[in-house]
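Here's the structure, in structure tokens; my notes come after.
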């Protein structure tokens with residue numbers, strides 16, 4: 001997690017080096033950006049999405065808990 005001197009958002013970077021399923025931190029609406037590699041993001045509310053390097057996605061709050069598997073680096077902006 002990276003501290004931002006504003007109350008509007010927080011930024012986290014998740015690095016995954018295996019194919020295990022990992023929960024993503026955060027809650028509410030989120031913007032996801034895959035910086036490297038490829039991964040699959042799953043939600044409790046809306047299914048599965050594959051992201052590869054350079055791709056991004058918006059996850060609404062209704063998606064609930066997000067998990068990710070694959071190998072790469074994922075940046076997430078969400079509400080604190």
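Values as computed for the structure displayed
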item	result
Residue in the range 60-78 that is in contact with a helix residue (DSSP H, G or I) (Cβ under 9 Å, 6 or more places away or on another chain) and in contact (Cβ under 8 Å) with a residue 40 or more places away in the chain present	no
Test: residue 7 is surrounded by fewer than 16 Cβ atoms within 10 Å (Cβ to Cβ), out of contact with any helix residue (DSSP H, G or I) (no Cβ under 7 Å at 6 or more places or on another chain) and in a loop (DSSP other than H, G, I, E, B)	yes
Test result for residue 48, in a strand (DSSP E or B), without any contact (Cβ under 8 Å) to a residue 60 or more places away in the chain and touching a strand residue (DSSP E or B) at 6+ places or on another chain (Cβ under 9 Å)	yes
Residue list for the range 5-20, restricted to those being farther than 21 Å from residue 60 by Cβ and over 12 Å from the mean Cα position of the chain (by Cα)	5, 6, 17, 18, 19, 20
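Where a number appears in this text, it was derived from the coordinates with a stated rule and is not lab data. Only a predicted model underlies this, so the values are computations on that prediction, with no experimental measurement involved. Neighbour counts run over all protein chains shown; Cβ positions are idealised from the backbone, glycine included.
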